[in-house]
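The values are calculated or read from the model by the stated rules, or taken from the named source; none is laboratory data. On a predicted model such as this, the values are computed, not experimentally measured, just so you know. Every residue, glycine as well, gets a Cβ built from its backbone with ideal geometry; the counts of neighbours run over all protein chains shown. Areas reflect the complete protein model, heavy atoms only, side chains present, ligands, DNA and RNA absent. Shrake-Rupley method; radii C 1.70, N 1.55, O 1.52, S 1.80 Å.
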Amino acid sequence: MATVIDGKAISAKVRAEIKAEVDKMTVKPGLAVVIVGEDPASKVYVRNKAKGCEEVGFYSEVHELPESTTEAELLALIERLNANEKIDGILVQLPLPKHLDEKIVINAIRADKDVDAFHPINTGKIMIGDYDFLPCTPAGVMRLLKETGVEVSGKKCVVVGRSNIVGKPQAMLLLQQNGTVTICHSRTADLKKECLEADILVVAIGKAKFITGDYVKPGAVVIDVGMDRDENGKLCGDVDFASAEPKASAITPVPGGVGPMTIAMLLTNTLKAARLFGKK
Ligand code: GUN
């Protein structure tokens, strides 16, 4: 029987630590969340981010812009937020509508307010191991490993997925903790063989229940970053929990695994930004 890693409980612990710090501050950290358009999933995420801020005592602003927003209008808002001292962190919810260029928009956010850690300055800093902010999902995974007592050093780590948001930074963070890291993707010749060598398997591919127990080495730690829907429309991950769990020594469920950690890490980054701006 695998340990089922309780992301909800670990997230609650992190948020309680943040709240205890914020309670002692005279100037509260501030987060601005920007959403463009009507994507229902994005709206839920943004609402949860604002709620997370409220719970730990942050100041927060949500800017809901219509689908028709022009690049110039969005950039003008970002400029105002860049200059606003109440705001320590800026997050523009992705994906953006097709007519807006994500790269231009992310580049417009001040690197020292980029609490998503998507700006090239911050991604570059992660590469050299000298960073202020870590991207929320990979940072959440590292915290789950730490809280579960999983030692990364010397372990064979396999990351399935090579996105800029999860796979690539996840691999760097595992490497920084002295894991031996392999990144797998859609062109990997023998995915099952690679996965079967993993002591720590992190999956972020966006394919419902794709990684079954056949891909899991006995005793491996399995981290499922997926947030998918199964054939019945039920929320599930990239890992087939039912067949993977009996093989694993520890595994994250979906929901209730990595998901709850991302907001906790966003709040961690925002607090860090506020501290770097000198808020006490
Ligand atoms: N869309 C899905 N995940 C994320 C995230 O972590 N940050 C932002 N800005 N948008 C997202």
Scattering profile of the range 28-122 at q = 0.13 Å⁻¹ [log10 I(q)/I(0), Debye over alpha-carbon scatterers]: -0.40
12 Å beta-carbon shell around Thr137, net charge (K/R +1, D/E -1): 0
Cut-off under 5 Å, modelled amide H: who pairs with Thr3 long-range: Ala250, Ile251
Nearest-0.05 FRET efficiency for Met1 and Thr180, computed from C-beta distance (R0 35 Å): 0.80
Percent accessible area from carbon and sulfur atoms, the chain, protein chains only, probe 1.4 Å: 54
Cα principal axis extents for the range 174-223, largest first, Å: 29, 24, 19
Rg ratio (alpha-carbon, reference 2.2 N^0.38 Å) - the range 130-280: 1.04
Chain lengthening between Lys103 and Lys43 when straightened (0.36 nm per residue, less Cα-Cα): 19.5 nm
Cα→Cβ-extended label distance, 7 Å offset, between Lys146 and Ser243, nm: 3.5
For the range 257-266, 3J(HN,Hα) per residue [Karplus equation, 6.51 cos²θ - 1.76 cosθ + 1.60, θ = phi - 60°, Hz, x = Gly/Pro]: x, 5, x, x, 6, 5, 5, 4, 6, 4
Sorted peptide list for 91-100, 251-260, 264-273, criterion being average Cβ within 10 angstrom, highest first: 264-273, 251-260, 91-100
Coordinate range along principal axes, alpha carbons of the chain, Å, largest first: 52, 42, 37
Cβ charges +1 (Lys, Arg) and -1 (Asp, Glu), total dipole of the range 1-145, debye: 480
Antiparallel DSSP beta bridges within the chain, as percent of all bridges there, nearest 5: 5
HN-Hα J in Hz across the range 145-156 - Karplus 6.51, -1.76, 1.60, θ = phi - 60°, x for Gly and Pro: 4, 4, 5, 8, x, 8, 7, 8, 3, x, 7, 7
Total charge dipole magnitude, the chain, about the Cα centre, Cβ charges on Lys, Arg, Asp, Glu only, Debye to nearest 20: 540
Hz values of 3J(HN,Hα) by residue in the range 175-189 - Karplus curve (6.51, -1.76, 1.60), Gly and Pro given as x: 5, 4, 8, 6, x, 9, 10, 10, 9, 10, 7, 5, 9, 4, 5
The range 38-192 - Kirkwood radius from inverse mean 1/r over Cα pairs (Å): 17.4
Solvent-accessible heavy-atom area per residue, rounded to whole Å², over the chain at 1.4 Å: 47
Modelled FRET efficiency - R0 25 Å, Lys280 with Glu54, Cβ distances, 0.05 increments: 0.75
Largest-first principal axis extents, alpha carbons of the range 227-280, Å: 49, 28, 12
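Would you kindly state how much longer the chain becomes between Glu67 and Asp214 on full extension, computed as 0.36 nm times their sequence separation minus their alpha carbon distance, in nm to one decimal?
Contour length minus the Cα-Cα distance gives 48.6 nm.
Nearest 5 is fine: what % of DSSP beta bridges in the range 134-280 come out antiparallel, could you say?
Working: 2 of 18 bridges.
Given both bridge residues lie in the range 134-280, the antiparallel proportion sits at roughly 10 percent.
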Cβ-defined net charge surrounding Lys103, 14 Å radius [Lys, Arg +1; Asp, Glu -1]: -4
Residues with amide H under 5 Å from that of His63, placed H, sequence gap 5 or more: Val33, Val34, Ile35
